[in-house]
Amino acid sequence: MKNISWPLRDLSLVLPHRPPMILLDELIAYDENSATAKVEIKADSLFADQQGHVPAWIALEFMAQTVAAYAGMTA
C-alpha cells in the first residue's frame with residue numbers, strides 16, 4: 001500500500017472491521033516482519049467499565065487487529 005501518511009489512523013483501509021469494532025487507534029509502523037499499533041484506553045472505550053478499565057482478555061483482540069492490519073498492509 002503506497003502513499004500512506006504515518007501514523008495510519010484510518011484503519012478501515014487495512015482492516016475488515018468497521019466502527020465501532022475497530023479497537024486500534026493507529027498503526028504506527030510495519031515492515032516485512034512486524035507491525036506496531038497504538039490503543040488509547042479512554043473512559044468511553046467500547047469495552048471500558050465505569051472506571052475506564054478494559055478487561056485483560058480484550059488485549060487478545062488488540063493483538064488480533066494488529067495482526068489483521070499487518071496482513072492488510074502486506075496484501
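The values are calculated or read from the model by the stated rules, or taken from the named source; none is laboratory data. Since the structure is predicted, the reported quantities are computational estimates derived from the model, not experimental observations. Heads up, the Cβs are rebuilt from the backbone with ideal geometry, glycines too, and the neighbour counts pull from every protein chain shown. Remember, those area values only see protein heavy atoms, side chains included, never the ligands or the DNA or RNA. Shrake-Rupley method; radii C 1.70, N 1.55, O 1.52, S 1.80 Å.
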Checklist entry - Size of the chain along its principal axes in angstrom, Cα-based, largest extent first? => result 40, 20, 18
Checklist entry - What are the residues whose amide H is under 5 Å from the amide H of Glu26, where those residues sit 5 or more places off or on another chain and H is modelled from the backbone? => result Lys38
Next on the checklist: Keeping every protein chain present and rolling a 1.4 Å probe, give me the accessible area per residue for the chain in Å².
Outcome noted: 68 Å²
Next on the checklist: How large a share of the accessible area of the chain, in percent, is made up of carbon and sulfur atoms when the probe is 1.4 Å and the other protein chains stay in place?
Outcome noted: 56 percent
Item to check | J(HN,Hα) series, region 21-33, from Karplus relation 6.51 cos²θ - 1.76 cosθ + 1.60, nearest Hz, glycine and proline x | outcome: 7, 7, 9, 7, 8, 8, 9, 7, 7, 7, 8, 5, 10
Next on the checklist: Using only DSSP helix segments of four residues or longer, with each worth -39500 (n - 2.57), what per-residue ellipticity at 222 nm results for the chain after dividing by its residue count and rounding to 500?
Outcome noted: -7500 deg cm²/dmol
Checklist entry - By accessible area of protein heavy atoms, probe 1.4 Å, what ranking do Glu32, Glu26 get, highest first? => result Glu32, Glu26
Checklist entry - What does the charge count near Leu11 come to, summing +1 for each Lys or Arg and -1 for each Asp or Glu among other residues with Cβ under 11 Å from its Cβ? => result 0
Checklist entry - Tilt of helix 58-74 relative to the longest C-alpha principal axis of the chain, in degrees (0 to 90, nearest 10)? => result 10 degrees
Next on the checklist: If I take R0 = 30 Å and measure r between the Cβ atoms of Asn33 and Ser12 in this structure, what FRET efficiency does the formula 1/(1 + (r/R0)^6) give, to the nearest 0.05?
Outcome noted: 0.80
Checklist outcome for this item: Using a 1.4 Å probe on heavy atoms of the protein chains only, the accessible area for Asp25 in Å², nearest 10, reads 50 Å²
